[in-house]
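Remarks on the structure that follows.
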Amino acid sequence: MIETLIFAHRGSKGTHPENTSAAFKEAVRLGVDGIELDVHLTKDNELVVIHDETVDRTTNGSGYVKEMTLAEIKSLDAGSWFSSKFESETIPTLSEVLELLKDTKIILNIEIKNDLVHYEGIEAKVLAEIEKYSYKDRIIVSSFNHQSIAKIKKQDKEIETALLTMIELDDPVQYANKLGAAAIHVYEPVAFSNMTKNVMENNLPVRTFTINDEKKMKQLISNGISAIMTDYPEKAMAIRDLIK
Ligand code: G3P
Ligand code: MG
């Protein structure tokens, strides 16, 4: 059976402020197989790593990312909301994270967060950033916006993409093939469904988010799921070691 890979969701989100350098460095220190992060576009067209459309929840500022310049975004404290220990953390650019991971073997899953806000040209911008680095072969681009995935594949045949879904899809393998997606990333309940079993049997990888419960980790690893995205990668890696 193929070994389940462990991806740090938004970095090591359970122990560090999500989508910050601190969270990504912790994932590197743990030796995870992959890191997942989310990207949005600023007013001045820069790719920044943050989950929400606004900066309100994870910084000391407020407002939409799309209405702020990179300089404004960079002036925010993205760590104190989690713990005063992380007050020096800022919102990283995608380029900063690509730089951080360049000398590792870690798979980088870039989730384009454009299901609620339309960011004109974000697909081309993401591809251009990736091109600046020489590890395109360990990068996966995913999105809940499946048209965006189709666009990515049209612009770059080589890049690996994945469809994100909260629900079971009709004819998932055919649908993924049509859009050029090489994997499906499913919300936890879907990971236990017949759809997942069927997709895996058809040799299309299924990765699942966000698995923080030990029992579910054990079950999914035993089922041979392709990858688990978790806020607690250290725990997931320890469980995988026990199962081996
Ligand atoms: O990419 C997997 C997962 O991150 C999708 O959900 O809301 O945590 O970005 P969310
Ligand atoms: Mg995400």
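The values are calculated or read from the model by the stated rules, or taken from the named source; none is laboratory data. Since the structure is predicted, the reported quantities are computational estimates derived from the model, not experimental observations. Cβ coordinates were reconstructed from backbone atoms using ideal geometry, including for glycine residues, and neighbour counts include every protein chain displayed. Quick note on the areas: whole protein, heavy atoms, side chains included, nothing else; ligands and nucleic acids left out. Shrake-Rupley method; radii C 1.70, N 1.55, O 1.52, S 1.80 Å.
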Cross-link partners among lysines for K197, C-alpha distance below 22 Å, same-chain residues fewer than 8 apart left out?
K178, K215, K216, K218, K244
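In terms of solvent-accessible area of protein heavy atoms at a 1.4 angstrom probe, what is the ranking of Y133, Y119, highest value first? Can you show the working numbers first?
Values: Y133 40, Y119 15 Å².
Largest accessible area first, the list is Y133, Y119.
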HN-Hα couplings for segment 98-111 via Karplus (6.51, -1.76, 1.60; θ = phi - 60°), in whole Hz with x for Gly/Pro, come out as 4, 5, 4, 9, 5, 9, 10, 10, 6, 6, 10, 9, 8, 8
May I ask you to list the GluC sites (Glu not before Pro) in segment 135-209 that are in a DSSP loop and have at most 14 other Cβ atoms within 10 Å of their Cβ?
E158
So, over other residues within a Cβ distance under 14 Å of K235, counting Lys, Arg +1 and Asp, Glu -1, the net charge is -1
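If Lys and Arg each add +1 and Asp and Glu each add -1, what is the summed charge of the other residues whose beta carbon sits under 14 Å from the beta carbon of E158? Before the final figure, lay out each step's value.
Details: positive: K136, R138, K153, K154, K157; negative: E131, D137, D156, E160.
Charge balance in the 14 Å sphere: +1.
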Give a residue-ordered list of calculated ³J(HN,Hα) values for segment 122-136 (Karplus: 6.51 cos²θ - 1.76 cosθ + 1.60, θ = phi - 60°; whole Hz; x for Gly, Pro).
5, 4, 5, 5, 5, 4, 5, 5, 4, 4, 6, 10, 9, 10, 3
Please calculate the 1.4 Å probe accessible area of M166, with all protein chains present, and give it to the nearest 10 Å².
90
Leaving out ligands and nucleic acids, note down the accessible area per residue over segment 1-115 with a 1.4 angstrom probe, in whole Å².
41
Out of residues 5 or more away from L164 or on other chains, whose amide H comes under 5 Å of its own, with H placed 1.01 Å from N in the peptide plane?
S143, F144, H185
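When the accessible area of segment 5-243 is computed with all protein chains present and a 1.4 Å probe, what percentage of it is carbon and sulfur?
Working: 4980 of 10580 Å².
For segment 5-243, the apolar C and S fraction of the accessible surface comes to 47 percent.
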For segment 177-182, what does the Karplus curve 6.51 cos²θ - 1.76 cosθ + 1.60, with θ = phi - 60°, yield as ³J(HN,Hα) per residue in whole Hz, taken in order and with x for Gly and Pro?
4, 4, 8, x, 7, 9
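Percent antiparallel among DSSP beta bridges with both residues in the chain, to the nearest 5? It would help to have the intermediate numbers written out before the result.
On the way: 5 of 36 bridges.
Roughly 15 percent of the DSSP beta bridges within the chain come out antiparallel.
Please give the charge dipole size of the chain, origin at the Cα centre, charges +1 on K and R Cβ atoms and -1 on D and E Cβ atoms. Round to the nearest 20 debye. Present the calculation step by step, with values, prior to reporting the outcome.
Working: 29 positive and 39 negative charges, 122 e Å.
That gives the chain a dipole magnitude of about 580 debye.
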Need one number for the chain: average projected area of the convex hull over its C-alpha atoms, nm².
12.3
List the residues, sorted by chain then number, that are 5 or more residues from I140 or on another chain and whose placed amide H is less than 5 Å from its amide H.
L108, N109, I110
Projected onto the charge dipole of the chain (unit charges on the beta-carbon of Lys, Arg, Asp and Glu, signs +1, +1, -1, -1), the Cα from I167, A182, L220 with the largest positive-side position is that of L220
